[in-house]
1. Every residue in region B:7-57 that is in a strand (DSSP E or B) and either free of Cβ contacts under 8 Å to residues at least 24 places away in the same chain or charged (D, E, K, R) (or both), please.
2. So, in region B:16-35, how many residues would count as being surrounded by 13 or more Cβ atoms within 10 Å (Cβ to Cβ) and within 15 Å of B:GLN84 (Cβ to Cβ)?
3. Does A:ALA60 qualify as being more than 20 Å from B:TYR35 (Cα to Cα), buried (at least 19 other Cβ atoms within 10 Å of the Cβ) and of a type in the set (Gly, Ala, Ser)?
4. Might you let me know whether region A:31-54 holds any residue that is within 11 Å of chain B (Cβ to nearest Cβ), over 25 Å from B:ASP56 (Cα atoms) and β-branched (Val, Ile, Thr)?
5. Just need a number here: residues in region B:58-114 that are away from chain A (no Cβ under 13 Å) and in a strand (DSSP E or B).
6. Of all the residues that make up region B:73-93, how many are in contact with an Asp or Glu (Cβ under 9 Å, 6 or more places away or on another chain) and within 19 Å of A:PHE104 (Cα to Cα)?
7. Just to be sure I understand, how many residues within region A:48-62 are assigned to a strand (DSSP E or B) and without any contact (Cβ under 8 Å) to a residue 24 or more places away in the chain?
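Read-outs: derived from the displayed coordinates by stated rules, not from any lab. Predicted model, so just to flag it, every value in this text is computed and none were measured. Glycine also receives a Cβ, built like all others from the backbone with ideal geometry; neighbour counts cover every protein chain displayed.
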Amino acid sequence: DAKTTQPPSMDCAEGRAANLPCNHSTISGNEYVYWYRQIHSQGPQYIIHGLKNNETNEMASLIITEDRKSSTLILPHATLRDTAVYYCIVRPWGYGGSQGNLIFGKGTKLSVKP
Amino acid sequence: GAGVSQSPSNKVTEKGKDVELRCDPISGHTALYWYRQSLGQGLEFLIYFQGNSAPDKSGLPSDRFSAERTGGSVSTLTIQRTQQEDSAVYLCASSLDSMRTEAFFGQGTRLTVV
């Protein structure tokens, strides 16, 4: 089962920042936080990941709370093409068994509106 | 190839027949994942391979489902005695390892059981 909780849907105005929250209160020390998104009819696309420090790349920023129990994905200037389902995943790193597995939850459906 | 390749892209089969779905991961990627996605639903984890470790089969829904990964590269997902509820898009992903690298997804195989 997914170890994360996300709101089922959110709206955002085009050009504004989209802030997508995720709760992962049972996260373990060896688990990373990953974000993926799935645009309609396409395979999921990697966005960003982090362990405990905030991360930024060309797509988004990831803010992880100090206790690591929650995080926020920030799309700084949302466009209509950012409309998608966004998945927050905690991924244990390592080898063997379920280490490194990616278990998707239900995600947040983000609708960017003009 | 440059990305994860899945074949066929579409498959229509009669109830009760066996089907094989193929996934060619990105060259050099040691981790390989299978998921299925029913219409309007999230990604359901099926099976995860990591190098020479025993695969994590915990997501396989029944003993009609099995998967192999030969030579650490190509993977085949087999569904025996297909049922109508098996109709879904089957997605494959691969990542360089199971540690902190992103997973890349194929475009999926759309399976329709009639």
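1. B:LYS11, B:GLU20, B:ARG22, B:ASP24, B:ARG36, B:GLU44, B:PHE45, B:TYR48, B:ASP56
2. 1
3. yes
4. no
5. Going through region B:58-114 one residue at a time, the tally reaches 14.
6. So the answer is 2.
7. 4
Conditions tested, residue by residue: (1) in contact with a Phe, Trp or Tyr (Cβ under 7 Å, 6 or more places away or on another chain); (2) surrounded by 15 or more Cβ atoms within 10 Å (Cβ to Cβ); (3) not in a loop (DSSP other than H, G, I, E, B).
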site	(1), (2), (3)
A:LYS3	no, yes, no
A:MET10	no, yes, yes
A:ILE27	no, yes, no
A:GLY43	yes, yes, no
A:TYR46	yes, yes, yes
